[in-house]
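Worksheet: one structure, shown below.
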Amino acid sequence: MNPYKVLNVDCRVAKREIIQAAALALRERKFSGRDVALAQKQLLDPISRATHEFLHFIDVKPLLDKIDLCQQNEQKVADLDHLSVFDEIL
Amino acid sequence: MGKKKKVKNLETILTRAEKLFRKANYPLAKREFEKARKMVKPEDVEKLRDITEKIKICGKEAAGLKAEDLVRRAKKYARKGNPQEALKCFKEAYGISGEDWVREKIDRLLAILHDRDISKAARDAEASGEYLKAADLYEQIFAAQNRDDILFKRARCLVKAGRHKEAISIFRGLDVGDNSSLYDYGFALAKEDRYYECLKVWDNIKSQDSGFTEQKETVRILLKTDLYNRFKEAKDFGRIFDETKYLVNSAGLQGLDGLLEYSKYAWIDELWKEEQYETIADLITGSPTEISNAMVPLYAKTYFKLAEMSDTHLDDLRLFWLNAVYSGVSGKLSSGPEEDEIVRRELIQMAEGLITRHVNGEDGSAEDLLTLWNKEQKLIKDLHALVGNRQDLAHLILTPQLAARFGKSAEVLQLIRENMSFFKNREHYLTAGSYYSLAAQALFHMENGEYEEAIANLPNETNGDEFVDYGVKRVEFAYGLYCLENGGSKLGRYFEGSPSLFEISPGYEKELIEKAMNVYEIHKLTRYKEVLDVIHRIGPSKGIESALSIVMSRWAIEAYNDERINDKTLAITLRKALALDPENEHARGNLNDTKVDLERINLIKALDKHKMNKACKIAAESEYKEVRDDFFAFFRRNLDSLDQMGFGDKEKAFLLRDFYGWCARVDDSHSILYDIDVMLDQLE
């Protein structure tokens, strides 16, 4: 179970927001009360929270930062004119 | 007279008319009836009515025949492709018969003529470059005829008229196959800035035409520019990735590597949120790019999710998980190093749980996975502890397999070498290094119990590398043990390095000795004797000597019992075993037994050959009572059977005196001497 998903919060969520999110989740009834309570407990515990953060989030920023995105100079291209070469075949 | 003739004429005419009527020659019959009517008197009303009726019938029937003839002619014209003439005939026929089906024929012909006119008009319009007009006309034709070829014509005219969107929507619904349509379809797409779709359509055109090739290249360049523009809008990275990949793969276009990578990871970020782990796995495994440290957590987490869902990718999970969990320096997983360690342990247990779940429900391969997992866990834990908080070395916290994949094995080995003191002893140090050395592959095979593969994968040379050397010795030792249990020839060669291995790792010597002490079967004893002998010759130790001694004495007894060796070899071997280990009670006891047996055999041989002096000497000098008992038992049997030997009293007395002398030489107080005396007294 992904507690972040159950409570619909992201990995930067503060403790106070976790409690608020749990209350909201209980009202919305998308997940059982038991799941919501467990998710809240897991995110309030720093060890469990860190474990779940590792499991359920990826950080692609380090990968993106390494990429050289310099676009080469734009090449000039001719206008697209309709070719008749295939008409002749018909 | 005149009147009579007139009547006669009328009758003749009527008869002829009736005859023609019966023969269905209605036009002539009608003429005859009309003649007759003129001749009938007005007062002959009945006849007049009858003739008039007949004339009416004839008129109607004649018209019907004419209509039929017209229809026949119309059909003939239609068959001959002359719809105008056919139409004329049908119209005339309809004028006569007024039948509905003729009307329908007329309508259909009118429609065909209309279409013909439009088709011609469309062709004319197309030929004169009025493409939009032509397209409209083709649309009218299609509405009437519902033929795909008309739609193609319309679509192509629309392309030429610059109405690309409309053309695309038509082409999309058609099975476009010929080059001209494919070209026009692609061209329309390109004109609508849908370059990727254009190229995909044009890829179906097999043409080397330079103009077309050039134009295709132009579209590729346009797509490239378009991709960068769309990338700046930062949306739909999946499409950008697919189209960039297409460009790179199909045309090897330069300057797209960065875009390809970036869109891939940006897309992966989106896919992760959508929990599309299979697609992510496809993307990361299908990628030709090399894996870097930064990618390890992504790989590990993706494979974790897949393993969690379906028990697949467990091998991939094993490869990346520990590396991901240990990647970076302490404190990376949580807010501090202490918590970090707990989180790490938790994460490792979670992955281990997945592997174990598979092990419990699957074959042996999953067990091998767990063996490797445990081994790698120890190794990476050591490296992690060794690196500590040193950020500059964090990238070297890798399992052996990933270190090899990243080309970092040499750096890891250097790190281990430079930190020898970190390890608790030399064995620990060499073990750690060996799994990152050239011997690693063989060692992992060995860990999995794949001994044949292990020995086959050993490096040819150690080149003086202590880690390789240690790894080779461990693999050879393990393979040797495997062969000791399962058979093999010339096993000694696998143990030549064992003495130095035992110096570093005494546990292996203990293992071998324990195994040797529990061997009793002759074929295994033979192998163990050979191996222990080799080890003893190269590097003797107390433990090996004892083991060799026991194995040797056990082997000698088994071989003797199996009649493979004789008494002498038995005794020699037992003496050798005892010399190796004087405390070998097994050898000692058996050697004593063997000596008794040997003396008894020699005694019997001497007695059988009547070598009495030798027999007396053996019996007198023997330390064993059993030998003397054999000696006296021989003479007791002779005394008992003396009467049956057929001797006379003199000979008997002579023989008894000899018996007495021989027995007295061995034991002058033996009771047999008294019995011989009694017998001699009786004879005398």
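The values are calculated or read from the model by the stated rules, or taken from the named source; none is laboratory data. The model shown is predicted, which means the values in this text are computed figures rather than measured ones. Neighbour counts run over all protein chains shown; Cβ positions are idealised from the backbone, glycine included. Please note that ligands, DNA and RNA were not included when accessible areas were found on the heavy atoms of the full protein model with its side chains. Shrake-Rupley method; radii C 1.70, N 1.55, O 1.52, S 1.80 Å.
Over all directions, how big on average is the projection of the convex hull of the alpha-carbon atoms in the range B:302-427, in square nanometres?
On the way: hull surface 33.6 nm².
For the range B:302-427, averaging the hull's shadow over all directions gives 8.4 nm².
For B:Lys301, tell me the accessible area in Å² from a 1.4 Å probe, rounded to the nearest 10.
Taking all protein chains as shown, B:Lys301 has close to 20 Å².
Ranked by accessible surface with a 1.4 Å probe, highest first, in what order do B:Thr573, B:Thr279 come?
Working: B:Thr573 15, B:Thr279 45 Å².
Most to least solvent-accessible, the answer reads B:Thr279, B:Thr573.
Taking the Cβ-Cβ separation of B:Asp608 and B:Gln682 as r and a Förster radius of 30 Å, what is the calculated FRET efficiency to the nearest 0.05? Let's see the in-between values first.
Details: r = 29 Å, r/R0 = 0.96.
That gives a FRET efficiency of 0.55.
May I ask for the Kirkwood hydrodynamic radius of the range B:2-98, worked out over all distinct Cα pairs and given in angstroms to one decimal?
On the way: mean 1/r = 0.0662 Å⁻¹.
Radius from the Kirkwood sum: 15.1 Å.
Can you list the equivalent-ellipsoid semi-axes of the range B:467-573, largest first and in whole Å, using the square root of 5 times each Cα gyration tensor eigenvalue?
Numbers: eigenvalues 134, 37, 23 Å².
Working through the eigenvalues yields semi-axes of 26, 14, 11 Å.
What is the sum of charges around B:Val551, taking Lys and Arg as +1, Asp and Glu as -1, for the other residues whose C-beta is under 10 Å from the C-beta of B:Val551? Mind dumping the intermediate values first?
Details: positive: B:Lys524, B:Arg527, B:Lys529, B:Arg554; negative: B:Glu530, B:Asp533.
That works out to +2.
Could you order B:Lys650, B:Lys47 so the one with the most accessible surface comes first? Probe is 1.4 Å.
Details: B:Lys650 170, B:Lys47 60 Å².
Correct descending sequence by accessible area is B:Lys650, B:Lys47.
Would you check the accessible area of B:Arg527, probe 1.4 Å, heavy atoms only, in square angstrom rounded to 10?
Rounded to the nearest 10, the figure is 40 Å².
Per-residue HN-Hα couplings for the range B:303-315, Karplus 6.51 cos²θ - 1.76 cosθ + 1.60 at θ = phi - 60°, whole Hz, x for Gly and Pro?
5, 4, 4, 5, 5, 5, 7, 9, 6, 9, 6, 5, 5
Could you state, as a whole-number percent, how many of the C-alpha pairs of the range B:581-684 are farther apart than 16 Å?
Across the range B:581-684, Cα pairs with separations above 16 Å total 60 percent.
Across the Cα atoms of chain B, what radius of gyration and what greatest pairwise Cα-Cα distance (Dmax) are found, in Å?
Rg, Dmax (Cα atoms, Å): 58.5, 208.
Would you list the P(r) distribution for the range A:1-58, with all Cα-Cα distances sorted into 10 Å bins from 0 and each bin expressed as a whole %?
27, 60, 13
Set the Förster distance to 51 Å, then compute FRET efficiency between B:Ala63 and B:Arg239 from the Cβ-Cβ distance, nearest 0.05.
On the way: r = 74 Å, r/R0 = 1.46.
Once rounded, the FRET efficiency stands at 0.10.
If you count, for every residue in B:204-211, the Cβ atoms of partner chains within 10 Å of its Cβ, what is the mean? Each step should come with its number before you reach the end.
On the way: counts 0, 1, 0, 3, 0, 4, 1, 4.
Counting Cβ atoms of other protein chains within 10 Å of each residue's Cβ and averaging gives 2.
Given that compact globular proteins tend to follow 2.2 N^0.38 Å, what is the ratio of the alpha-carbon Rg of the protein assembly as shown to that value? Don't jump to the answer; show the numbers that get you there.
On the way: Rg = 56.7 Å, N = 774, 2.2 N^0.38 = 27.6 Å.
Cα Rg divided by the expected 2.2 N^0.38 Å: 2.06.
Out of the trypsin sites (Lys or Arg not before Pro) in the range B:179-242, which ones are loop residues according to DSSP with at most 13 other C-beta atoms within 10 Å? Write out the running numbers ahead of the final one.
Numbers: sites: B:Lys191, B:Arg194, B:Lys200, B:Lys206, B:Lys216, B:Arg220, B:Lys224, B:Arg230, B:Lys232, B:Lys235, B:Arg239; in loops: B:Arg194, B:Lys206, B:Lys235.
Those that pass, being in a loop and sparsely packed, are B:Lys206, B:Lys235.
Please report the carbon-and-sulfur percent of the accessible area for the protein assembly as shown; probe 1.4 Å, protein heavy atoms only, DNA, RNA and ligands left out.
Details: 20210 of 41820 Å².
Percent of accessible area from carbon and sulfur atoms in the protein assembly as shown: 48.
Per residue of the protein assembly as shown, what 222 nm ellipticity follows from adding -39500 (n - 2.57) for every DSSP H run with n ≥ 4, rounded to the nearest 500?
Values: 40 runs with 576 residues, N = 774.
That comes out to -24000 deg cm²/dmol.
When you have a sec, figure out the Kirkwood radius of the range B:625-683 from all distinct Cα pair distances and drop it here in Å to one decimal? Show your work: numbers first, answer last.
On the way: mean 1/r = 0.0861 Å⁻¹.
Hydrodynamic radius (Kirkwood, Cα pairs) of the range B:625-683 is 11.6 Å.
Residues with amide H under 5 Å of B:Ser335's amide H, sequence separation 5 or more or different chain, H placed in the peptide plane at 1.01 Å from N; which?
none
Could you work out how far helix B:625-640 tilts from the main Cα principal axis of chain B, as a 0 to 90 degree angle to the nearest 10?
It works out to around 70 degrees.
What number does the range B:160-230 give for Rg over Rh if you use C-alpha atoms and the Kirkwood radius?
Values: Rg = 11.8 Å, Rh = 12.3 Å.
Ratio value, two decimals: 0.96.
Using a Förster distance of 51 angstrom, determine the FRET efficiency expected from the C-beta separation of B:Gln145 and B:Glu270, and round it to 0.05. Before the final figure, lay out each step's value.
Numbers: r = 48 Å, r/R0 = 0.94.
The formula returns an efficiency of 0.60 here.
Please compute the per residue accessible area over the protein assembly as shown with all protein chains in place, 1.4 Å probe, rounded to a whole number of Å².
Values: 41820 Å² over 774 residues.
Computed with neighbouring chains in place, this is 54 Å² per residue.
Mind checking A:44-52 for the average number of partner chain beta-carbons within 10 Å of each residue's beta-carbon? Please report the intermediate quantities before stating the final value.
On the way: counts 0, 0, 6, 9, 3, 3, 11, 10, 2.
Rounded to a whole number, the mean comes out at 5.
Looking at the range B:168-276 from every direction and averaging, what is the projected area of its Cα convex hull in nm²? All intermediate terms of the calculation are to be shown ahead of the outcome.
Working: hull surface 31.1 nm².
Computing the convex hull of the Cα atoms and averaging its projections yields 7.8 nm².
Can you compute 3J(HN,Hα) from phi for each residue in the range A:25-38, using the Karplus curve 6.51 cos²θ - 1.76 cosθ + 1.60 with θ = phi - 60°, rounded to whole Hz and x for Gly and Pro?
For the range A:25-38, the Karplus-derived couplings read 4, 5, 5, 5, 6, 6, 10, 5, x, 5, 5, 5, 4, 5 Hz, x marking Gly and Pro.
Tell me the total accessible area that A and B bury against each other, 1.4 angstrom probe, in square angstrom rounded to 100. Don't skip to the answer; put the middle values down first.
Details: alone 8220 and 37590 Å², together 41820 Å².
So the total buried area for this chain pair works out to about 4000 Å².
Taking Cα centroids, how far is the range B:229-299 from the range B:544-577 in Å?
72 Å
So for the range B:577-635, what are the equivalent ellipsoid semi-axes in whole Å, largest first, each being the square root of 5 times an eigenvalue of the Cα gyration tensor? Could the numbers behind the result be given before it?
Numbers: eigenvalues 150, 20, 14 Å².
Each semi-axis is √(5λ); the values are 27, 10, 8 Å.
Determine the order of B:Glu214, B:Glu92 by accessible area, beginning with the largest, at a probe radius of 1.4 Å.
Numbers: B:Glu214 130, B:Glu92 85 Å².
Result, largest first: B:Glu214, B:Glu92.
Could you give the dipole magnitude of the range B:420-554 about its Cα centre, charging the beta-carbon of Lys and Arg +1 and that of Asp and Glu -1, in debye to the nearest 20? Each step should come with its number before you reach the end.
Working: 14 positive and 20 negative charges, 96 e Å.
The calculated dipole for the range B:420-554 is roughly 460 debye.
Tell me, what is a quarter of the convex hull surface for the C-alpha atoms of the range B:59-134, in nm² with one decimal?
Working: hull surface 22.1 nm².
The orientation-averaged projected area of the Cα hull of the range B:59-134 comes to 5.5 nm².
Can you give me the distance in nm between label points at A:Arg27 and B:Glu453, each placed 7 Å from the Cα along the Cα-to-Cβ direction?
5.8 nm
Mind listing P(r) for the range B:294-335? All alpha-carbon pairs, 5 Å bins, whole percents.
With a bin width of 5 Å, the distribution comes to 6, 27, 28, 19, 12, 6, 2.
On a full-extension model of 0.36 nm per residue, what is the gain between B:Lys378 and B:Ala410, subtracting their alpha-carbon distance, rounded to one decimal in nm?
9.6 nm
Equivalent-ellipsoid semi-axes (√(5λ), Cα gyration tensor) for the range B:48-198, whole Å, largest first?
Working: eigenvalues 543, 30, 23 Å².
In descending order, the three semi-axes are 52, 12, 11 Å.
Please identify every one of the GluC sites (Glu not before Pro) in the range B:480-523 that sits in a loop by DSSP and has no more than 13 other beta carbons within 10 Å of its own beta carbon. The partial results should precede the final answer.
Numbers: sites: B:Glu485, B:Glu496, B:Glu503, B:Glu509, B:Glu511, B:Glu514, B:Glu521; in loops: B:Glu496, B:Glu521.
Those that pass, being in a loop and sparsely packed, are B:Glu521.
Jot down the radius of gyration and Dmax of the range B:513-591, Cα atoms only, both in angstrom.
11.3, 32
Taking the simple approach of a point 7 Å from Cα along Cα-to-Cβ for both B:Lys576 and B:Thr12, what is their distance in nm?
Here the modelled spin labels are 15.8 nm apart.
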